[in-house]
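Structure first, then comments.
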Amino acid sequence: MAAQGTHLLQLVLSCRKITAQVTCSSSKSIVAMASSSEEEFIKAYRAKLNRFPRSSIYWDSKTASRIGDKIGTRLQEKGVSSVGIDVGEELSRPIHYRRLLGAFFESVKRTGITVSGGEDLVFLGR
């Protein structure tokens, strides 16, 4: 089991996808990763891509929640029970992304992973 505070949860967001990765602080290697570009999300992505009028963002809070479940499960399989986040980075995100990320962090916590720094975040629209 990893020592507390040695893993960093990072999110890469764009209008097309959300990617979560956890890196080990000491070696900078990726421990676990989950993304909305994985096979199970492709059908929903294509449906949003082809609808009219086109949307400006192709993932939602439901997708973010499922990504949180996946990364939480993968962390449990690796024996990681706690991750930290860069609160400054999360607070600097545009408000429309921060609203969607509330579901992500809640689903990570539901899987039993402790998110250090997450208690300082305030997600609107909950």
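The values are calculated or read from the model by the stated rules, or taken from the named source; none is laboratory data. Computed from a predicted model, the values in this text were never measured in an experiment. Please note: Cβ atoms are built from the backbone with ideal geometry, for glycine as well, and neighbour counts cover all protein chains shown.
Observations, loosely collected:
- Taking the criterion of being out of contact with any Lys or Arg (no Cβ under 9 Å at 6 or more places or on another chain), surrounded by 11 or more Cβ atoms within 10 Å (Cβ to Cβ) and modelled with pLDDT of 90 or more, the residues of the stretch 22-54 that qualify are Thr23, Cys24, Ile30.
- Residues satisfying the stated conditions in the stretch 62-101, i.e. polar (S, T, N, Q) and either in a helix (DSSP H, G or I) or surrounded by fewer than 13 Cβ atoms within 10 Å (Cβ to Cβ) (or both): Thr63, Ser65, Thr73, Gln76, Ser92
- The one condition in (1) over 11 Å from the mean Cα position of the chain (by Cα); (2) modelled with pLDDT of 95 or more that Ile71 fails to fulfil: (1)
- In the set (1) of a type in the set (A, V, I, L, M, F, W, C); (2) under 14 Å from the mean Cα position of the chain (by Cα); (3) over 11 Å from Ile113 (Cα atoms); (4) not in a loop (DSSP other than H, G, I, E, B), Trp59 fails one condition alone, (4).
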